[in-house]
Amino acid sequence: MSTKPSTPEVLSYSPDPDADPRTRVYTFGGAAPVRSVRPGTVLELWTEDCFGGRVRSAADRVSDVCDFRYINPQTGPFYVEGAEPGDTLAVHFISIEPSRDWAVSSTVPLFGALTGTLTTATLQAPLEERTWFYEVDRAAREVVFQAQDTPYRVPMPLDPMHGTVGVAPALGEVRSSLAPGAHGGNMDTPEMRAGVTCYLGVNVEGALFSLGDGHCRQGEGETCGVAVEAAMDTVVVIDLLKGVPCAWPRMESDDAIMTTGSARPLEDAFRVAQSELVHWVAAETGMSVLDSYQLVSQGVRSPVANVVDTTYTMVAKLPKSLLPGVEPLHGAHRRLRALAASYSA
């Protein structure tokens, strides 16, 4: 495990594509790192929304103002010193806050869970393309939904998260920032919020970590394909778990451990997440795989992350109350929480 100073090093970074177009990245893998950082570093980051800030009102249509080749920009990648294949990168989210007082959502032609798509072909015409504009009240911790066809208006709790968190894939692959997989990427799980630690298996030297796709909130499944999309001011602290492999992204909060799986059909994503959780529980408790399977079967919750991306993502979530005395991954989450507290003090 890495040894971190009591007062963390802090690096502030905001991409500036006007000055350097290379700082707006749309893939995992295939991009040069923007900075090199040491384990234990706090990163103060700004991320643009998935539309590159181009959709700014209900009058804007995504297909009119966006080039679909350049959707979902990422901030990064960051080269993590000492990271090698077979290690695990730990990313703890200290804070995630909207950087503007507005956000947007939309329907996009041939995209979403309740419409025909390019791979689920039907004879029906695509759904009408619309944009919804959300007021963001950071003081009240609310976003305001306003219907377009009626006067209906209702505040919804602000619950910021990052849809896209990942590292460079294995085997030299370059993956679109719209795609989730074993490298992380566009998983779109609302569980990726402040206070959570995300664990990502390192596939290449330096890991090449990036994140983006901030959401003011998102329902499980991201059913229409677009959350309440927003630019974010995000603070994370990173660590490196040497010699600790992680086949699929994991998450840990104060109350639960979580695993993810991304695949189509959805039941295969479910199987990956559940299998990963069973094996994690077995490794942490020393129980057999079958005993762990039984415990997970009776205690797991199964949040749906997305059913709209190139592959779907499921989460398997087990309360820590069912794992008394267990410190997952040698207490990495606890240590990063302490480091986050020293940054905030």
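Bear in mind that the values in this text are calculations on the coordinates, not laboratory data. Values in this document were obtained by computation on a predicted structure and should not be read as measured data. Here Cβ is always computed from backbone atoms with ideal geometry, including for glycine, and neighbour counts include all displayed protein chains.
Only helical DSSP H runs with n ≥ 4 go in: add -39500 (n - 2.57) per run for the chain, normalise by residue count and round the 222 nm mean residue ellipticity to 500 deg cm²/dmol.
Values: 4 runs with 48 residues, N = 345.
My calculation for the chain gives -4500 deg cm²/dmol from helical runs alone.
Between G86 and V202, the built amide H atoms are under 5 Å apart, and every one of these is 5 or more places off in sequence or on another chain. Taken over region 197-238, the percentage of Cα pairs per 5 Å bin, counting from 0 up to the bin with the maximum distance, is 5, 16, 21, 18, 19, 14, 6, 0.
Can you give the angle from 0 to 90° between the axis of helix 332-344 and the longest principal axis of the chain, with both taken from C-alpha atoms, to the nearest 10? It works out to around 60 degrees.
Listed highest first by mean packing, meaning other Cβ atoms within 10 Å per residue, what order do 95-103, 201-209 come in? Before the final figure, lay out the partial values.
Values: 95-103: 18.6, 201-209: 24.1.
Order by mean packing, descending: 201-209, 95-103.
For the peptides 66-72, 165-171, 314-320, the ranking by mean Cβ contacts within 10 Å, running from highest to lowest, is 165-171, 314-320, 66-72. Here the alpha carbons of region 208-325 define both size measures, Rg and Dmax, at 15.5, 45 Å. Reported value for the chain: 145 Å³ per residue, from the convex hull of its C-alpha atoms. Size descriptors for region 1-99: radius of gyration and Dmax over Cα atoms are 16.2, 52 Å.
So what are the ³J(HN,Hα) numbers for region 187-202, from phi and the Karplus equation (6.51, -1.76, 1.60; θ = phi - 60°), rounded to whole Hz, Gly and Pro as x? Here the 3J(HN,Hα) series is 6, 6, 9, x, 6, 7, 10, 4, x, 9, 9, 9, 10, 10, x, 7 Hz.
When the dipole is taken about the Cα centre of the chain, and only Lys, Arg (+1) and Asp, Glu (-1) are charged at their Cβ, what size is it in debye, to the nearest 20? Mind dumping the intermediate values first?
Values: 27 positive and 42 negative charges, 79 e Å.
Using Cβ point charges on Lys, Arg, Asp and Glu, the chain gives about 380 debye.
Other residues whose C-beta falls under 13 angstrom from the C-beta of V34 contribute a net charge of +1, scoring Lys and Arg +1 and Asp and Glu -1. Specify the angular offset, from 0 to 90 degrees and rounded to the nearest 10, of the alpha carbon long axis of helix 289-299 from the longest principal axis of the alpha carbons in the chain. In the chain, helix 289-299 runs at an angle near 50 degrees to the longest axis. About the centre of its Cα atoms, region 1-152 shows a dipole size close to 200 debye [charges on the beta carbon of Lys, Arg (+1) and Asp, Glu (-1) only; nearest 20 debye].
Under 5 Å between amide hydrogens, built in the peptide plane, is the criterion, and for R61 it picks out nothing among residues at least 5 positions away or on other chains.
Annotation: amide H-H contacts under 5 Å for L110 (H modelled 1.01 Å from N, sequence separation of 5 or more, or interchain): L127. Between region 6-71 and region 174-242, the C-alpha centres lie 13 angstrom from each other.
Is there a quick way to get the dipole size of region 265-345? I mean about its Cα centre, with the Cβ of Lys and Arg at +1 and of Asp and Glu at -1; what is the value in debye to the nearest 20?
Values: 7 positive and 7 negative charges, 81 e Å.
Value, rounded to 20: 400 debye.
With respect to the chain, whose longest principal axis is taken over its alpha-carbon atoms, helix 266-285 is tilted by about 20°. For region 241-248, 3J(HN,Hα) computed residue by residue from phi via the Karplus equation (6.51, -1.76, 1.60; θ = phi - 60°) reads 9, 6, x, 10, x, 8, 5, 10 Hz, glycine and proline entered as x.
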